[in-house]
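Scroll down for the structure; my scribbles are underneath it.
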Amino acid sequence: MFKILIIVCPLVFTAGFVDAVAGGGGLISLPAYMLAGLPIHIASGSNKFSASLGTVIAAGNYIKSGKVKWDIAVISAIGAIIGSSLGTTLALYIAGGVLKGIMMIVIPIVALFLATQKNLGKDTIPKKWSQKVKGVVTLLIGVAIGCYDGLIGPGTGTFLIIAFSMVLGIDLVTASGCAKITNLASNITSLMIYLMSGKVIFLVAIPATLCSMLGANLGARFAIKGGAKNIRYIMFVVIGLLFIKTIMGLI
């Protein structure tokens with residue numbers, strides 16, 4: 001158990017920090033649980049446990065700083081609850097080996113996609129939509145990305161930031177604040193399903209949660225002060241190292 005914690009805790013701390021700034025912390029934390037040797041469903045459930053409470057801390061910091069547009073955050077969160085329920089239920093029906101194989105394909109693709117989004121949030125243009133159309137679009141974003149979060153997970157926060165910034169036209173920091181509320185709703189929904197299925201190891205998840213909360217607190221403060229741009233480089237270095245190590249473990 002000690003060896004597992006030595007692998008998981010530092011990486012989950014990093015994931016909490018990164019996720020609070022630019023999203024995508026799951027690209028670090030989920031592979032960390034897998035590297036520690038946990039079966040994929042238990043890795044996913046334990047990851048949701050630590051990620052959920054870490055996201056609570058990050059969301060609280062954004063709320064205190066007034067960096068949340070509640071009309072977007074609440075509607076997208078409702079959509080995320082629906083989508084996450086569907087995605088997580090589907091994930092539990094997929095065999096562990098198959099689900100791990102899917103993640104090993106999806107994680108590097110997501111990382112590559114995010115690496116190309118260098119101008120994300122720099123030139124946002126508010127969209128002139130009616131409240132009804134804006135609400136429908138926001139709900140669909142929540143459903144679609146919430147479903148992805150429940151099924152796969154890594155990159156969810158960043159996809160939400162991209163959607164809120166590029167589709168809805170809000171600034172990067174506010175988009176990140178709204179993403180935290182939506183991601184929190186998705187994480188808690190998914191976590192409840194994993195808990196009911198007995199897919200969380202508390203001896204690993206609780207210490208990891210403390211690390212996630214500390215990282216999220218520091219990361220949210222860093223992002224609000226304007227550090228989101230710089231952390232992306234750290235994120236992709238860590239992702240690259242984790243992916244290489246995971247591939248080596250499969251050979």
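The values are calculated or read from the model by the stated rules, or taken from the named source; none is laboratory data. All figures in this text were calculated on a predicted structure; none of them were measured in a lab. When we count neighbours, we look across all protein chains shown, and the Cβ atoms used for this are built from the backbone with ideal geometry, even at glycine.
Remarks
- Selection of the stretch 54-65 for residues being surrounded by fewer than 23 Cβ atoms within 10 Å (Cβ to Cβ) and either part of a helix (DSSP H, G or I) or at pLDDT 90 or above (or both) yields Val56, Ile57, Gly60, Asn61, Ile63, Lys64.
- Qualifying position, being part of a loop (DSSP other than H, G, I, E, B) and surrounded by fewer than 24 Cβ atoms within 10 Å (Cβ to Cβ), among Ile206, Ile188, Ile170: Ile170
- Failed condition for Lys134, given (1) at pLDDT 95 or above; (2) surrounded by fewer than 19 Cβ atoms within 10 Å (Cβ to Cβ); (3) of a type outside the set (Val, Ile, Thr): (1)
- Taken across the stretch 203-210, residues that are farther than 27 Å from Lys3 by Cα and more than 16 Å from the chain's Cα centre (by Cα) do not occur at all.
- Of the residues Gly101, Gly146, the single one that is at pLDDT below 90, among the small types (Gly, Ala, Ser) and assigned to a helix (DSSP H, G or I) is Gly101.
- Residue in the stretch 20-38 that is more than 12 Å from the chain's Cα centre (by Cα) and farther than 17 Å from Thr209 by Cα present: yes
- Hits in the stretch 1-43 - residues which are touching a helix residue (DSSP H, G or I) at 6+ places or on another chain (Cβ under 6 Å) and among the aromatic types (Phe, Trp, Tyr): Phe13, Phe17, Tyr33
- Candidate set from the stretch 209-233 (those that are in contact with a Ser or Thr (Cβ under 8 Å, 6 or more places away or on another chain) and either part of a loop (DSSP other than H, G, I, E, B) or among the aliphatic types (A, V, I, L, M) (or both)); member that is modelled with the highest pLDDT: Ala216
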